[in-house]
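Inspection log for the structure reproduced underneath, given as structure tokens.
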Amino acid sequence: MNTRMHCCPDHHPPPDPCLQASLVSAWLSPSRRHFSTFLLLLLLTLCLPAAAQEVDTMQAQHVIVISIDGLRPDAIARAHAAHLQELIGQGSYYPEAQTVRPSETVPAQVSMITGLDPKAHQVIWNRYRRGYYTGTTIFSVAKKAGLSTALLFAKKKLNYLVNPNHIDFVYGKRPPPYRPMDTTAAGLAAAFARAWQAHTYALVLVHIREPDSAGHRYGWMSRPYLSAVEEADRAIGFIVSALRRSGTWDKTALIITADHGGRGLRHAQPHRENLTIPWITVGPGIPAGLRLQRAISIYDTAPTALAFLGLSMPGDVDGTVVTEVVQKSHRLRAP
């Protein structure tokens, strides 16, 4: 094997233009220094882009969005959701966030990752379809910036979110020929912990289905529904424990929300209980114990998640950054 490039004494690194500028100034005589001023400033200016790239524009090194399918805000208090209650106390919370119309899983999840209303992204169906969404998402923006991404989900129809060009790790209810996976709340949490141990991704979306499944079968706010909320709560606690064990908890911004609420056995009608969802965020620089006062929509999740990473959605989107939880000094870097 040729190792000349690594050990040959004739191999030198390229000259540092900043150092060269300093040397130029040192050897010039006083009579010539007025001539050198422009040259010196020009060379130093060339150094600035590299130096600017070293400035940390990220409020968090990791962002994890957890979408709890069918979670009503009032269920958090009615159920024994100790982990969610603790996170609300540690972070900022808005219990009156609104989802999109139609208040269905696929349109809402697409809005969550695009920052767009269904009128803009035009995904208004709620069933499994082959193919995947090809528009701009939080995953495509993160990948363009050189960041790693992951998606874990519990419903087959959410394969529509899996653009293989934008997502590095996928775990979920995949169609054949993929092997079956444990997509219960506990199974997804365990899969997250295993994946996180192997690689700490910059951007992750985790979708948990249990409250929605129980709501359709037994009714929203029924005892089985509240038990399903508690199951989702335990999964969140497991995910938080995995972050703490890995030493990444203090570097992670967490957003917990839902795709829709529910009333009776359904959630598609434009009722308040169907449209109102929780919005919780915890992490570095995020105010603790703050009850947010501004109106928040599900599509505000996308630009806010990217803002934590120092990124922004390109072009016009319906969502806006929840500025109360994003430090101004970190809203800097365009994709």
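Details
- Being within 17 Å of the chain's Cα centre (by Cα) and either surrounded by fewer than 19 Cβ atoms within 10 Å (Cβ to Cβ) or not assigned by TED's automatic domain parsing to the domain that holds residue 250 (or both) is a property that does not hold for residue 141.
- Residue check, residue 211 surrounded by fewer than 16 Cβ atoms within 10 Å (Cβ to Cβ), in a helix (DSSP H, G or I) and touching a helix residue (DSSP H, G or I) at 6+ places or on another chain (Cβ under 8 Å): no
- Filter result (in contact (Cβ under 8 Å) with a residue 60 or more places away in the chain and aromatic (Phe, Trp, Tyr)) within segment 124-165: 139
- Counting only helices (runs of 4 or more DSSP H) that fall entirely inside segment 26-96 and contain at least 2 residues that are modelled with pLDDT of 95 or more and of a type in the set (S, T, N, Q), the qualifying elements are 82-90.
- Counted residues, segment 100-143 - those being in a loop (DSSP other than H, G, I, E, B) and among the hydroxyl-bearing types (Ser, Thr, Tyr): 7
- Within segment 98-149, being over 24 Å from residue 311 (Cα atoms), touching a Leu at 6+ places or on another chain (Cβ under 8 Å) and of a type in the set (Ser, Thr, Tyr) holds for 103, 105.
- Residue 228 vs. criteria more than 15 Å from residue 65 (Cβ to Cβ) and either part of a helix (DSSP H, G or I) or outside the structural domain of residue 312 (by TED's automatic domain parsing) (or both): yes
- Residue in segment 157-175 that is surrounded by fewer than 18 Cβ atoms within 10 Å (Cβ to Cβ), closer than 22 Å to residue 61 by Cα and aromatic (Phe, Trp, Tyr) present: yes
- Taking the criterion of being touching a Phe, Trp or Tyr at 6+ places or on another chain (Cβ under 8 Å) and within 12 Å of residue 302 (Cα to Cα), the residues of segment 110-148 that qualify are 110, 111, 112, 113, 114, 115, 116, 117.
- A single entry from 258, 232, 253, 242 fulfils the requirement of being closer than 17 Å to residue 185 by Cα, within 15 Å of the chain's Cα centre (by Cα) and in contact (Cβ under 8 Å) with a residue 24 or more places away in the chain: 258.
- Within segment 304-326, being within 14 Å of the chain's Cα centre (by Cα) and more than 17 Å from residue 277 (Cβ to Cβ) holds for 306, 307, 308, 309, 310, 311, 312, 313, 321, 326.
The values are calculated or read from the model by the stated rules, or taken from the named source; none is laboratory data. Computed from a predicted model, the values in this text were never measured in an experiment. Don't worry about glycine lacking a Cβ; one is built from the backbone with ideal geometry, like all the others, and counts go over all protein chains shown.
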